[in-house]
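The values are calculated or read from the model by the stated rules, or taken from the named source; none is laboratory data. Keep in mind that what you see is a predicted model, and the values were worked out from it rather than measured. Using ideal geometry, Cβ is built from the backbone for each residue, glycine included, and neighbour counts are taken over all protein chains shown.
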């Protein structure tokens, strides 16, 4: 019997709510 | 003021469509109220807090970063169609705090505070070792270049005489020695080609503004000036409802329409190659 080791829920990259995306470039 | 004990605010994602909608209303507010300089565009939303309002509505507290575009505030081109000033041209950023009231799905600005500052010389040097930095607008070489360019423009112009309105940007180029300047002009009731004293000319009641870019190059035994100006369509004095698209920029050539289109001047701040010709070199 092959037992799948327990795998935690796939954790995607955590996107912080702020600050938002840079539209052009950072000065 | 929404602050106080017991009041609960929510913090939506800075890239939420609703947050972005609030930020774009703030950007419109900036561009409609700037008395001089260039339009700004949204670069980043730093923070947002949303407070419930009594009896209804919500108050959005929002911090945004903006970047200067190449469109002057007098230019009727919508900011969405304006290019962002690039780092090598010595970019300018804005840092703004806004409060906007959202009522019945519509935003209105209740508080605004913005500071703007040019990028550091060090940052400009990182992307371009030889690029000229912004020069003080009251530098004598800058003022001289703007006046000489305007005189050259008026001398070649078949229409109204234009007066200097505002010097909006300038760079001193070391090699070859030259001064690059951008400035706005305003039409008068004098004829450009007639030798008239500027003091006797009156600004037109229906303001006609123009935006010029010029390079004054120092040569042996004198100087050479190259100037391109775009004159914006006169805006109606009354605030009658306008048809759709009426606020879009309509460049109006004010020089000989048979003149050749603008060749590249090789000066910083000019549109990239391939831009449609919107003015003529004099």
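Apart from one condition, residue B:100 fits all of (1) surrounded by 20 or more Cβ atoms within 10 Å (Cβ to Cβ); (2) within 29 Å of residue B:199 (Cα to Cα); the exception is (2). Determine whether residue B:155 is touching a helix residue (DSSP H, G or I) at 6+ places or on another chain (Cβ under 8 Å) and surrounded by fewer than 17 Cβ atoms within 10 Å (Cβ to Cβ). Taking the combined requirement at face value, the residue does not satisfy it.
Candidates in the range B:80-101 are the residues that are in contact with a helix residue (DSSP H, G or I) (Cβ under 7 Å, 6 or more places away or on another chain) and within 23 Å of residue A:19 (Cα to Cα); of these, the one that is nearest to the other protein chains (Cβ to nearest Cβ) is B:87. Within the range B:135-142, is there a residue that is in a strand (DSSP E or B) and closer than 26 Å to residue B:39 by Cα? Looking for residues that are in a strand (DSSP E or B) and closer than 26 Å to residue B:39 by Cα, one finds none in the range B:135-142, hence no.
Considering only residues that are in contact with a helix residue (DSSP H, G or I) (Cβ under 6 Å, 6 or more places away or on another chain) and without any contact (Cβ under 8 Å) to a residue 60 or more places away in the chain, which ones fall in the range B:36-68? Once the filter is applied, which keeps residues that are in contact with a helix residue (DSSP H, G or I) (Cβ under 6 Å, 6 or more places away or on another chain) and without any contact (Cβ under 8 Å) to a residue 60 or more places away in the chain, the range B:36-68 yields B:39, B:41, B:42, B:45, B:48, B:60, B:62, B:64. Taking the criterion of being in contact with a strand residue (DSSP E or B) (Cβ under 6 Å, 6 or more places away or on another chain) and assigned to a strand (DSSP E or B), the residues of the range B:181-208 that qualify are B:181, B:182, B:183, B:184, B:185, B:186, B:187, B:188, B:190, B:203. In a residue-by-residue description of the range B:129-137, the property of being touching a helix residue (DSSP H, G or I) at 6+ places or on another chain (Cβ under 6 Å), more than 30 Å from residue B:28 (Cβ to Cβ), surrounded by fewer than 20 Cβ atoms within 10 Å (Cβ to Cβ) and modelled with pLDDT under 95 applies to at least one position.
Summed over the range B:43-79, residues that are within 14 Å of chain A (Cβ to nearest Cβ), part of a strand (DSSP E or B) and touching a strand residue (DSSP E or B) at 6+ places or on another chain (Cβ under 6 Å) total 18. Only one of the numbered conditions (1) crowded, with 18+ Cβ neighbours inside 10 Å; (2) more than 14 Å from every other protein chain (Cβ to nearest Cβ) is not met by residue B:33, and that is (1).
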